[in-house]
1. With label points built 7 Å along Cα→Cβ from the Cα atoms of residue F:26 and residue C:27, find their separation and express it in nm.
2. Shielding of F:6-14 by partners, i.e. mean partner chain Cβ atoms within 10 Å per residue?
3. Around residue A:42, with a cut-off of 14 angstrom between Cβ atoms, what is the net charge of the other residues, counting Lys and Arg +1 and Asp and Glu -1?
4. Taking chain F as a Gaussian network, Cα atoms linked when under 10 Å apart, which of F:23, F:34, F:11 shows the biggest mean-square fluctuation?
5. Hey, what angle do you get for helix A:2-21 against the long axis of chain A, alpha-carbon based, 0 to 90 degrees rounded to 10?
6. Give me the net charge of residue B:30's neighbourhood, meaning all other residues with Cβ under 11 Å from the Cβ of residue B:30; Lys, Arg count +1, Asp, Glu -1.
7. What number comes out for the charge environment of residue E:23, summing +1 per Lys or Arg and -1 per Asp or Glu over other residues with Cβ under 10 Å away?
8. With just the Cα atoms defining each centre, how far is region C:34-63 from region A:8-63? Give it in Å.
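Read-outs: derived from the displayed coordinates by stated rules, not from any lab. Since this is a predicted model, take the numbers as computed values, not measurements. All Cβ positions, even for glycine, are placed from backbone atoms using ideal geometry, and neighbour counts span all protein chains on display.
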Amino acid sequence: NARMRLQQSIHTFTDLCWDKCINKISNKIDRGEETCLTNCVERFLDTSLFIVKRLEETRKNLS
Amino acid sequence: NARMRLQQSIHTFTDLCWDKCINKISNKIDRGEETCLTNCVERFLDTSLFIVKRLEETRKNLS
Amino acid sequence: NARMRLQQSIHTFTDLCWDKCINKISNKIDRGEETCLTNCVERFLDTSLFIVKRLEETRKNLS
Amino acid sequence: AQELINKINEKCFSKCITKPGNKLESSEQTCVAKCMDRYMEAWNIVSRAYISRVQ
Amino acid sequence: AQELINKINEKCFSKCITKPGNKLESSEQTCVAKCMDRYMEAWNIVSRAYISRVQ
Amino acid sequence: AQELINKINEKCFSKCITKPGNKLESSEQTCVAKCMDRYMEAWNIVSRAYISRVQ
């Protein structure tokens, strides 16, 4: 189910990026924390693409 | 299965509260550690109830 | 499925022993890290056997 | 929403109840309430970032 | 009991075998044995606390 | 290989991208590439150790 997989990914990213970006609990998420959360998601997806692409290249070079 | 869910909860709480309450391994769990373990379970359940109650109030105020 | 369980164990051990043995990312895994990884797997399995054996003895003494 | 409640519970218990006492102190309740609001804000920010990338 | 064995293994390995060597040292075995007993004690305390709350 | 990719992603993101910025810096890419190679080396070492024990 696509909707459930989407929700699951959002839960996983919120968990990971919360630990990376939120240190203390204040009255609102500040600008720096918001930028960190957005960048955290985007860089994680970049890293994921980078890994898959590099694995494929390694396979091509081996065959 | 209710019995299995109960056991699973006990495993989860022992895992969590062990990390919070037990620092070094001694010959017996001391009074302080025992109190900490008991309070850890009870406060976790309190927190859980508090969160659910607050979510319901937010929903009621929105509708 | 035996093959999948084997693979799953290798993933679990790599995860655990990576955290225990690899501190910084260098150009190759060095001798010390390799020994640590191998010992980590072997000592984990030893610990596992030790625990199971000790549990069985406790049960025997109780019955 | 069960998954969200579980995550909030896990994250906010570990942030707000460092030394579990005889009852949930009012200062701990305030912390959990704030933490919960921050977590849901974070969830929204993460959703937006993720959805705008996968679209 | 498989789940309990897995948890003990995970917790006590990380507490007792900080630098894995060529064999399981007797001091490490003593530590694992004690850790195992403490973990089962903790499991019992947690059970009692949890069951008395959900009843 | 999905499980391996997920583990590499998790471990190497946390090791190499300590402060996520506006883009994946080339220094971060170099770190991820090295980390990925090391992780696969570690996977091979662990496999050998595990298989030689269970045989």
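1. 1.9 nm
2. On the way: counts 4, 5, 7, 7, 5, 6, 4, 9, 4.
Partner Cβ neighbours, averaged per residue: 6.
3. Net of charged neighbours comes to +2.
4. Judging by the Gaussian network model, the answer is F:23.
5. Roughly 60 degrees between the two axes.
6. Working: positive: B:24, B:28, B:31, E:38; negative: B:33, B:34, E:41.
Its environment carries a net charge of +1.
7. -3
8. The two parts, judged by their Cα centres, are 37 Å apart.
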